[in-house]
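K.L.:
Please see the structure below; I have some questions.
The values are calculated or read from the model by the stated rules, or taken from the named source; none is laboratory data. All of these numbers come straight from a predicted model, not from anything done at the bench. Here the Cβ positions follow ideal geometry from the backbone for every residue, glycine too, while neighbour counts run over all protein chains shown.
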Ligand code: MF3
Ligand code: CO
Ligand code: CO
């Protein structure tokens, strides 16, 4: 396997090139991804009506500290928290706050933990108590779209194949795919090449090769795809205030397919499937 990333003295982004990682990188990502997934598992029991997103963020921070990890978002470009907490019509990058969550809300928690220099980036949906059928349906569509994207993440396919698989399915369900935020390469860097659009055309984009490591993190809206950023400079919301959901895995391209680094040790990545167990 071609590798120059692991050989570098400290990770440097090489403009216009997509890093190919060796087994060292995959091992690092496995560990970081697993701890990230454990943090998201841990939060499940705490997502109850009455808790604030700041309290959830604090739990995530303590978890990271207790496990020798660093939350990558802490002081990242002025972001001051360990998680992004995106509620209902918030698309992504919601800032943890003193606002309590309530029965019927749907919450996305996104966390990136750095372990031994490697970044595990994942997010999931958390239903708060009983949620509406339409919220459930949105979550189901979002998870299924990520699965379909992962299914075509293999050598010989392209980044556009991933986007096309996601877009085709989501729009077929009469929901929409957000265009403004994309999946990204990661490893010793938080955000690297390639960009993974969650829409597009089959065959477009970069060819996927063994050793590439990136996230797939579709954001799906029940209404129109358009978003706006609130005056805090971070919070992205749907323009039409329709409900939005997201889920994210970090994956690595292998010889014949891909490896998911952020699978839930408790088997509860998809909260609705977990409920039905
Ligand atoms: N974890 C997010 C992602 O999936 C990035 C959050 S950056 C922040 O790429 F600064 F908003 F936290
Ligand atoms: Co990400
Ligand atoms: Co993320």
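K.L.:
Any chance you could count how many residues in the stretch 76-94 are assigned to a loop (DSSP other than H, G, I, E, B), more than 14 Å from ligand 3 (Cβ to nearest atom) and touching a strand residue (DSSP E or B) at 6+ places or on another chain (Cβ under 9 Å)?
P.N.:
Number satisfying all stated conditions: 2.
K.L.:
Restricting to the stretch 212-227, count the residues that are more than 16 Å from ligand 1 (Cβ to nearest atom) and under 14 Å from residue 180 (Cα atoms).
P.N.:
4
K.L.:
Go through the stretch 9-49 residue by residue and tally those that are modelled with pLDDT under 95 and either touching a helix residue (DSSP H, G or I) at 6+ places or on another chain (Cβ under 6 Å) or closer than 22 Å to residue 195 by Cα (or both).
P.N.:
Number of matching residues: 8.
K.L.:
Follow-up question, since we're still on this one. For residues in the stretch 62-88 being surrounded by 19 or more Cβ atoms within 10 Å (Cβ to Cβ) and away from ligand 1 (no atom under 13 Å from the Cβ), which is farthest from residue 106 (Cα to Cα)?
P.N.:
Only one residue fits best here, namely 69.
K.L.:
Does any residue of the stretch 107-119 turn out to be farther than 22 Å from residue 186 by Cα and either touching a residue at least 40 places away in the same chain (Cβ under 8 Å) or not in a loop (DSSP other than H, G, I, E, B) (or both)? Give the steps one after another, and end with the answer.
P.N.:
Of the residues in the stretch 107-119, the ones farther than 22 Å from residue 186 by Cα are 107.
Remaining after also requiring either touching a residue at least 40 places away in the same chain (Cβ under 8 Å) or not in a loop (DSSP other than H, G, I, E, B) (or both): 107.
Yes: one or more hits.
K.L.:
Let me ask something else. Restricting attention to the stretch 213-233, which residues are within 15 Å of ligand 2 (Cβ to nearest atom) and either surrounded by fewer than 18 Cβ atoms within 10 Å (Cβ to Cβ) or more than 22 Å from residue 185 (Cβ to Cβ) (or both)?
P.N.:
Selection gives nothing.
K.L.:
Condition (residue is within 16 Å of ligand 2 (Cβ to nearest atom), touching a helix residue (DSSP H, G or I) at 6+ places or on another chain (Cβ under 8 Å) and assigned to a strand (DSSP E or B)) applied to the stretch 147-163: is it met by at least one residue?
P.N.:
no
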